[in-house]
Amino acid sequence: MPKPQNIDAPIVMVDHASLTRFSEDSAYKSECPICPNGVLLIYRENGVLQRHDRCVSCGQQVFYLDEAINGEPLAPFKRTPDSSEIS
Ligand SMILES: [Zn+2]
C-alpha cells in the first residue's frame, strides 16, 4: 500500500464547524478539506473528543480550534510539540 500523500504534511488548523459534514447521519464526520474523497472521523480518548484528527484517505493531520462539536466540549488545549503553531 502506498504511503498516504499528506502523511508528513504540516498540520492544518481548522474550525470543525466550517467543514462540510460527510453525511447527514453524523454531526462529527467531515469531508477532508485537502483531498477529494477523504474523511475526518474525530477521535475520542476516554470518551473525550480529541483536537487532533487525521484524514483516512490522504493522511493529512488537522487540529480543531472549536470549543465544542455538536454541543460536546473538545479536549482542552495543552502544550504539545505543535503548540508553537497554535496562537
Ligand atoms: Zn484527505
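General observations
- Here the 3J(HN,Hα) profile of segment 57-66, calculated from phi with Karplus coefficients 6.51, -1.76 and 1.60 at θ = phi - 60°, is 9, 9, x, 4, 8, 10, 9, 7, 9, 5 Hz, Gly and Pro shown as x.
- Whole-Å distance, taken between Cα centres, linking segment 51-68 and segment 11-28: 9
- Dipole magnitude (debye, nearest 20) for segment 12-73, charges at Cβ of Lys, Arg, Asp, Glu: 200
- Annotation: amide H-H contacts under 5 Å for R51 (H modelled 1.01 Å from N, sequence separation of 5 or more, or interchain): A75.
- Once backbone amide H atoms are built at 1.01 Å from N, I69 has L74 as its partners under 5 Å, excluding neighbours fewer than 5 places away on the same chain.
- Its alpha carbons considered, segment 12-73 gives a radius of gyration followed by a Dmax of 10.6, 31 Å.
Bear in mind these aren't lab numbers, they're just calculated from the coordinates by the rules spelled out. These numbers were taken from a predicted model, which means no experiment stands behind them. Note that each Cβ is placed from the backbone with ideal geometry, even for glycine, and that neighbours are counted across all protein chains shown.
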